[in-house]
Amino acid sequence: AKIGSFVQNGGIAISMLLLYALDVLTDSRSRHPWTFGSVLLFGIFLIVGVTGDVISSVATINVEKNWVMIIVEDMCASDPTINPVELQTHLNSIMRRVDLTAKMTSPLVIGLLLTGGRGTVVRGLLAVGGWSILTAWPVYALWRGVYDTYPGLRVKPVPTSADTPAKNNVLAVLWRSWKMYSRDPVFLASLSFCFLHFTVLSDHHPLTTAFLAEENMSALALGIARAAG
């Protein structure tokens, strides 16, 4: 989670620079706006974006599934009167409120930054990239503070005899996980939802946003729509 803050914020900053470079290299008024350089930059942009999203998801899962449980155990050990279930629910609700607040406010802020002509868009991209760079250290400091406060987070898991290289093989783990997933009673419903997520019918899909932007819907209106859910 600590290193993930740098990777995620760095990915956002690099993505903003790549978008700026694409804006400079791509001429939307031309019959052939895409050149080899712009296609290459777009490919790099996709790789950086996907990497940042994966790291962000891993960090979020690690915090919600591991850190919260360890923090609850440490606090209950220091104060036996604390109800672990209530404490875990309280911590999860705090993180959910922070997450929802960010999801509601960030589209509005981005919409305001990108409202205007081309110069405003460039300033918006630079503002988002600069903000990501400036907030990387404070975010890391907060993660580090939590990490140092609770001793349980610093305890390394002890490997067992079952943790052999064969069992830890990435492909083997993926295959076992897929078999377990396919045998679950909700497998078909879950898989259908995953396929739906890859279409324009999914919530806040980039293709939907791009289509609406291409139809001259303002960035502010898109930001309001995404913030409203």
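Region 65-170 holds no helices (runs of 4 or more DSSP H) entirely within its bounds that carry 1 or more residues that are modelled with pLDDT of 85 or more, touching a His at 6+ places or on another chain (Cβ under 9 Å) and aliphatic (A, V, I, L, M).
Do you know which residues across region 127-155 are under 30 Å from Asn216 (Cα atoms) and surrounded by 15 or more Cβ atoms within 10 Å (Cβ to Cβ)? Residues satisfying the conditions are Ala127, Val128, Gly129, Trp131, Ser132. Any residue in region 108-124 that is in contact with a helix residue (DSSP H, G or I) (Cβ under 9 Å, 6 or more places away or on another chain), at negative phi and hydroxyl-bearing (Ser, Thr, Tyr)? Checking region 108-124: at least one residue is in contact with a helix residue (DSSP H, G or I) (Cβ under 9 Å, 6 or more places away or on another chain), at negative phi and hydroxyl-bearing (Ser, Thr, Tyr). Would you confirm whether or not region 195-207 contains a residue that is at pLDDT 75 or above, more than 19 Å from Leu108 (Cβ to Cβ) and either touching a strand residue (DSSP E or B) at 6+ places or on another chain (Cβ under 6 Å) or assigned to a helix (DSSP H, G or I) (or both)? Yes, region 195-207 has at least one match. A Cβ distance below 9 Å, combined with a sequence gap of six or more or placement on separate chains, defines the contacts here; from region 63-86, residues that are without any contact (Cβ under 8 Å) to a residue 12 or more places away in the chain reach residues that are among the polar types (S, T, N, Q) in the pairs Cys76/Asn83.
The values are calculated or read from the model by the stated rules, or taken from the named source; none is laboratory data. Being a predicted model, the structure only gives us computed values, none of them experimental. As a convention, Cβ positions derive from the backbone with ideal geometry for all residues, glycine included, and neighbour counts pool all protein chains shown.
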